[in-house]
Amino acid sequence: MEGLLALSRGIDRLNEFVGKSVSWLILVSILVSAGNAIIRKLFDVSSNAWLELQWYLFGAAFMLAAAYTLKQNEHIRIDIVYGMWSRRVQHWIDLIGHLFFLMPFVLLMVYMFVPYTLHSFQSGEGSTNSGGLIVWPAKAILLVGFFLLALQGISEIIKKIAIMRGDTEDPNPFVSAHEQAELEGKALAEEVRS
């Protein structure tokens, strides 16, 4: 199990690095958007390439940070139902969800995006918009995003099994929204008092 946990830590480090790095693409996307709007208003000039670049940057930030979001345990679930169960049952819910829902989906997406991206690259596929960008980088971003999400799914499965076996501590103990609000309120009250 120690070897698998080492693999999990390596995947976690990779996705943490990628997730934190691509967060800057949001700022770049905003700057491109603002620059494009200013140029369009001042000089009455616009380009589909700039619009598509905004989409590419935002899409890259979203797709490439998806695995980091999973690592941080920030994916969407119904906490009201999830929070009703013991932590052991929650681990089983996560493990079953990762094995039977997440992994089949992301592996199918990787499988489907490989030829889709290769065909786009080999054909030099361009935008259907006049003056637009080439398309294969956007498709490659989707492929890489799903690949990183598949890797993180493997890491999460390894960690869940290790936690359930007692081989490691829970890195993301569940805290309901109500408990989180109480903790934040207490922290704020302490800060005000001091």
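The values are calculated or read from the model by the stated rules, or taken from the named source; none is laboratory data. Source: prediction; values computed, not measured. We place every Cβ from the backbone using ideal geometry, glycine too, and count neighbours over all the protein chains shown. Just so you know, the surface numbers come from the protein's heavy atoms only, side chains and all, with ligands and any DNA or RNA stripped out. Shrake-Rupley method; radii C 1.70, N 1.55, O 1.52, S 1.80 Å.
As a test of the definition: which semi-axes, in Å, follow for segment 82-158 when you take the square root of five times each eigenvalue of its alpha carbon gyration tensor? Largest first, please. Before the final figure, lay out each step's value.
Details: eigenvalues 265, 30, 14 Å².
Ellipsoid semi-axes (Å, largest first): 36, 12, 8.
What's the longest uninterrupted piece of the chain once you rule out the GluC sites (Glu not before Pro) that are loop residues per DSSP with at most 12 other Cβ within 10 Å? Please list the in-between numbers first.
Values: sites that count: Glu74, Glu169.
The reported range is 75-168.
In the chain, the portion of solvent-accessible area held by carbon and sulfur atoms comes to 70 percent [1.4 Å probe, whole percent, DNA, RNA and ligands not counted]. With Cα atoms as the point set, the radius of gyration and Dmax of segment 1-66 evaluate to 17.7, 62 Å. The alpha-carbon of Lys139 sits under 27 angstrom from the alpha-carbons of these lysines, leaving out residues fewer than 8 places away in its chain: Lys20, Lys71.
Local charge sum around Phe100 (other residues, Cβ-Cβ under 14 Å, Lys/Arg +1, Asp/Glu -1)?
Working: positive: Lys160; negative: Asp94, Glu156.
Within the 14 Å Cβ shell, the charges total -1.
In the neighborhood of Tyr116, defined by Cβ-to-Cβ distances under 13 Å, what is the net charge if each Lys or Arg adds +1 and each Asp or Glu adds -1?
Numbers: positive: Lys139; negative: Glu125.
Neighbour charge sum, excluding Tyr116 itself: 0.
Amide H to amide H distances under 5 Å link Gly126 with Val135, where only residues 5 or more positions off or on other chains count and H is placed in the peptide plane.
Evaluated over the Cα positions of the chain, the convex hull gives a direction-averaged projected area, one quarter of its surface, of 16.1 nm². When Asp167, Asp44, Asp94 are compared by accessible surface with a 1.4 Å probe, the order from highest to lowest is Asp44, Asp167, Asp94. In straight-distance terms, cross-link reach from Lys186 covers every one of the lysines whose alpha-carbon lies under 18 Å from its own, apart from those fewer than eight places away in the same chain; here that gives an empty set.
Looking at segment 1-87, which trypsin sites (Lys or Arg not before Pro) are in a loop (DSSP not H, G, I, E or B) and have at most 16 other Cβ atoms within 10 Å?
Working: sites: Arg9, Arg13, Lys20, Arg40, Lys41, Lys71, Arg77, Arg87; in loops: Arg77.
Qualifying residues, ordered by number: Arg77.
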